[in-house]
1. Could you work out the Kirkwood radius for the stretch 1-89, taking every pair of different alpha carbons, averaging 1/r and inverting it, reported in Å?
2. Which order do E97, E6 take when ranked by solvent-accessible area (1.4 Å probe, heavy atoms of all protein chains), largest first?
3. Can you give the accessible area per residue of the stretch 85-154, in Å², using a 1.4 Å probe?
4. Take the Cα atoms of the stretch 90-161, build their convex hull, and give its volume per residue in Å³.
5. With all protein chains present, how much of the accessible area of the stretch 180-234 (probe radius 1.4 Å) comes from carbon and sulfur, to the nearest whole percent?
6. Taking only the alpha-carbon atoms of the stretch 149-195, what semi-axes of the equivalent ellipsoid follow from 5 times the gyration tensor eigenvalues under a square root, in whole Å, largest first?
7. Once both axes come from the Cα atoms, what is the angle between helix 200-211 and the longest principal axis of the chain, in degrees from 0 to 90, rounded to 10?
8. How fast does the chain diffuse by Stokes-Einstein, in µm²/s, taking the Kirkwood radius from C-alpha pairs at 37 °C and 0.692 mPa s?
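The values are calculated or read from the model by the stated rules, or taken from the named source; none is laboratory data. On a predicted model such as this, the values are computed, not experimentally measured, just so you know. As a convention, Cβ positions derive from the backbone with ideal geometry for all residues, glycine included, and neighbour counts pool all protein chains shown. The accessibility values were calculated without ligands, DNA or RNA, using every heavy atom of the protein model including side chains. Shrake-Rupley method; radii C 1.70, N 1.55, O 1.52, S 1.80 Å.
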Amino acid sequence: MLTAKENMREVVKGGKPDRLVNQYEALQLLFYPYAMHSNSSIAKGEMDKVDVWGVTRSYPENVPGAFPVHTPDKIVVKDIEHWRDYVHAPVMDYSQEEWDMFKEIYSKVDGTKAYKTAFYAPGLFEMSHYLCSMEDALEYYMIYPDEMHDMIKYLTEFELKLAEDLCSQLHPDAILHHDDWGSSINSFLRPSMFEDFFVDSYKQIYGYFHDHGVELIVHHSDSYAANLVPAMIEMGIDVWQGCVESNNVPELIKKYGDKITFMGAIDNKSVDFNGWTDENCKEQLYRTIEACGDKHFIPCITQGGPGSVYPGVYMSLADALDEYNAEHYGLDLEGIKNARLPHQIMF
């Protein structure tokens, strides 16, 4: 039986996998100094936490995740025409001792079984609306394109510096990069505008990673983005994680599966709710696999990491997928479970 990493590689490369990839099992998510110093992680119930970019975030008890606070006093960019007065990238000047601490964590991951995957969020589009507010950012893309181009270039330079540090110090072989590009029904920007602002920047960022030993670029956008798939391919994305059901994933696989792998198609809203059941998780999983097949596809909850809003949902899907693999690929169920990786982030 192939390891989780070997099996995922076969799926992405169009080879001969021996089973379906079990969600995030082949991606061991790992952090690094900037992630630990950015002050962007936030616990449920925590309010008005300010990160290193000056963005204020809150995570109320009754919502599924944290999000920036954009009351007028907390918006970072007060005047887009003078955005440089407000947007200041943090200095990434970490000691070698700290890098060595993370090297030790990376060294503990068995690279034959899992991709050593550096996690980064938020990406370029999200940063623009974190800094400006969603409403203002969308307006600025229309009215102040020069300023937005310049700000995105500045953010791109920051990500390229981070990519250089990651590749020279930690040598990840995969990247999970977050940047949500749409709602559940459409992209936030029309394709031509999206391409104008973001394709070249992401070609630089993802191209750097690919050129410096990173095998897989996994991009998370749990949204409608079917109209942006050609841009994703041009950017160098290997796996689109988070493709929600409204994208008509089976059609996307038929049209683009030889160029990009789709990871998702099980919306949180379909399985991850108060009163969820194992039976519903299994039903949704099997229905999704029947529709999408086993080529260029990884069945997965659309959430951007190995977890769920309601505890237990993610692992219920993982257990059901183990059962599916045993039933349909003639594999030993206990062997699959023993080989399964822990589906977790290592700090």
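1. About 16.6 Å for the stretch 1-89.
2. Working: E97 135, E6 70 Å².
Largest accessible area first, the residues go E97, E6.
3. Working: 3300 Å² over 70 residues.
Value for the stretch 85-154: 47 Å² per residue.
4. Taking only Cα atoms, the stretch 90-161 has a hull volume of 116 Å³ per residue.
5. Numbers: 970 of 2120 Å².
For the stretch 180-234, the apolar C and S fraction of the accessible surface comes to 46 percent.
6. Numbers: eigenvalues 146, 49, 10 Å².
Taking √(5λ) for each Cα gyration eigenvalue gives 27, 16, 7 Å.
7. Roughly 50 degrees, rounded to the nearest 10.
8. Here the translational diffusion coefficient equals 158 µm²/s.
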